[in-house]
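Please read through the structure below; I'll follow up with questions.
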Amino acid sequence: MDSAEDMRYAAALPAALLWLAALIAVPAITSAAAATSPPRSAQSLYSGCVTCHQIQGWGTSDGNIPNIAGQHLRYVEHQIRQFRAGVRVDDAMQVVAAHPEFSDPISIKSLARYISELAPNPAPLHGPGEALAGASETYARICAACHGADGEGADVQAVPRLAGQQFPYLLRQIKLAAQLHRELAPPEMASALRGQSDRQKQALADYLSRLSPSH
């Protein structure tokens, strides 16, 4: 883990733990009362995400926390389940996803819908702007079949939108996918990315960050 990641966990994990503790500390209610209590609002559920992802869902200014605003509902829903099950690993995310509230699929879907309806970040961080023409060709060859020609992904297939994502986050994920680090990186994608040089991976991440997401 690099120093940026260390700093992110140092800042995010205590806040996530405090959020979880505050919810657990709410006095227990009877099953009869629980049955008649309204579910927590999606905005209230999102309060556990604000420390890292910010109130607008645009991530952090250094780009290490991803922009989740406007991400596809089914993808967000799937990722919450992945973190909850320990398939995806991130200390802060797993603390939040582990809360009993998210044992209810309705709460997961409610939060995912809230995030999907947030306006995307209009100014994500970009890279140095080098070799973008080659990156466009690379994207068309190895990524577009799943993520679409414009990087919009697909909600029905839970394929994430890549357009307009933060450059540092994209670069980190591309490198991890190339290492077969993630369950969510299909072998064919990992194989294709593994054949790219560091400069090509950087250019690909930069190219994606410059695509304009629709909403």
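Charges at C-beta only: +1 for Lys and Arg, -1 for Asp and Glu. How large is the resulting dipole of region 75-117 about its Cα centre, in Debye rounded to 20?
120 debye
Continuing with the same structure: Suppose every Lys and Arg Cβ carries +1 and every Asp and Glu Cβ carries -1, with no other charges. What dipole size does region 132-209 come out with about its Cα centre, to the nearest 20 debye?
300 debye
Can you pull the one-decimal nm distance between simple spin-label points at ALA154 and ILE106, each 7 Å off the Cα toward Cβ?
Going from the ALA154 label point to the ILE106 one covers 3.1 nm.
Would you pull out the residues with amide H under 5 Å of VAL159's amide H, same chain only if 5 or more places away, H placed 1.01 Å from N?
Amide H neighbours of VAL159, under 5 Å, 5+ apart: ALA154.
Every number here is computed from the coordinates shown, using simple stated rules; none is lab data. Predicted model only: the values in this text are computed from it and were never measured. Reconstructed Cβ throughout: ideal geometry from the backbone, glycine too, with neighbour counts over all protein chains shown.
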